[in-house]
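I have placed the structure first, in the form of structure tokens, so that the comments after it can refer back to it.
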Amino acid sequence: MNVPLATAAAVPGQFAVLVPNGVSAGQMIQTSTPDGQQVQVQVPPGCGPGSQFMVSYQPQAVAMAAPVQHAMAGAVAPALHYWPGAADPFAILQSLSGVSIKQQINWAEVLVGWDQPEKYLISDPVTNRDLFVAAERSDGVMGMLGRQVFEGGSRPFNLDIAMLTGPGNAPEPFVRLQRPFACTCLCFGRPRMHIYNALTNQLIASTVEPYSCCHLRIGMNDEAGGEVLKVDHHCCDCSLLCWGCPCGCQETNFEVYDGNQVVGHIRRQFNTAQAIGRITGVNADSDQFHVDFKEVQSPQWKAALIAMALFLDYCYFVKGGSTARRESALGRAIDVERRWNNDN
């Protein structure tokens, strides 16, 4: 399995280090502890490239990044259930086998097609505790224009994933996603997103949507640019073609591969808001996903898998631009009035 496990906090005061290619036993390498400390460690005898060894360290208080912009603060509801006594978001991820992601409904988009920053609530499906919030930054005038002009898969964005720390406290970001603008044409300028550890400002991975025909594809690369994980799903899957139909197409299972091995799942789940949208014809971006980490054990790569699910949503399911305006309540009303006038 190629998924790196470096910086994985297996137990407090210890973490696993993956020996990189070209490094042999006895050599010194530099790595980061789960709380962001930079340490030099020696590869023990018998450990070669691709093997792991445990390193002990002295934990210290994590210096959290500055609070995110007001867009994130607005995503927090007063009735959320917070993880008690937790200070390290990566330690929380270490203990989870999966998460649920719920996109928050944007009522300005539903009513008039005015697209605002996307927001997601991330929770533990076992306990139903709301753990994290993911919120797109407003990015000023240019960000606002980008959301009104481009569809979700084309627009640039900056998004923070933050831990919910309790009522009255600003969410603390620990992962930062950056999708720079690219002029995409077939194989050129494909959408790419960079995933950073916001506590250490280190690159965790990057995701890219490669050009493909009849497939929904997302690839995830490590720091060196090599592909580690991928989603490859045919667009003719009945669960996509008959999305939400009573025949049972209530979920689309995007399998996450490491080579030819399935190591996780991203499941898009049909929900009540989408059912209402099907009946009324009014779109409401309200996607829900369940991410099953399965074989992925490193907390940083679990965070990267959550980011991959968000990128998948942006690339294929988030509405924006003219589509959001056309499928809003106002857009549907104008369309009905136009048809009425043409018929009379």
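The values are calculated or read from the model by the stated rules, or taken from the named source; none is laboratory data. None of the values given here were measured: they were computed from a predicted structure. Ideal geometry is used to build each Cβ from the backbone, glycine not excepted, and the neighbour counts take in all protein chains shown.
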I need a count of the residues in region 211-256 that are part of a loop (DSSP other than H, G, I, E, B) and closer than 29 Å to G281 by Cβ. 13
Does V318 satisfy the criteria of being under 21 Å from D124 (Cβ atoms) and buried (at least 18 other Cβ atoms within 10 Å of the Cβ)? no
Which is out of contact with any Leu (no Cβ under 8 Å at 6 or more places or on another chain) and closer than 19 Å to A108 by Cα, of A333, A309, A329? A333
Mind telling me which of the residues A304, A333 ends up being surrounded by fewer than 18 Cβ atoms within 10 Å (Cβ to Cβ) and closer than 28 Å to R155 by Cβ? A333
Taking region 252-262 and keeping only residues that are touching a helix residue (DSSP H, G or I) at 6+ places or on another chain (Cβ under 9 Å) and aliphatic (A, V, I, L, M), one is left with V256
Report, by residue number, each residue of region 183-210 that is touching a residue at least 24 places away in the same chain (Cβ under 8 Å) and not in a strand (DSSP E or B). T184, L186, C187, P191, A198, L199, T200, E209
Just wondering, is there one or more residues in region 233-251 that are closer than 21 Å to I195 by Cβ and in contact (Cβ under 8 Å) with a residue 24 or more places away in the chain? no
If you scan region 212-256, which residues turn out to be hydrophobic (A, V, I, L, M, F, W, C), over 16 Å from W301 (Cβ atoms) and either touching a Pro at 6+ places or on another chain (Cβ under 9 Å) or crowded, with 18+ Cβ neighbours inside 10 Å (or both)? L216, F254
Scan of region 45-80 for residues that are surrounded by 14 or more Cβ atoms within 10 Å (Cβ to Cβ) and modelled with pLDDT of 75 or more, ordered by number: C47, F53, V55
With criteria (1) outside any loop (DSSP other than H, G, I, E, B); (2) more than 16 Å from the chain's Cα centre (by Cα), E151 comes up short on (1)
Quick one: in region 120-148, of everything that is part of a loop (DSSP other than H, G, I, E, B) and among the basic types (K, R), which residue is farthest from D88 (Cα to Cα)? R137
On the basis of being crowded, with 18+ Cβ neighbours inside 10 Å, in the same structural domain as L241 (by TED's automatic domain parsing) and either hydrophobic (A, V, I, L, M, F, W, C) or modelled with pLDDT under 90 (or both), does P180 make the cut? no
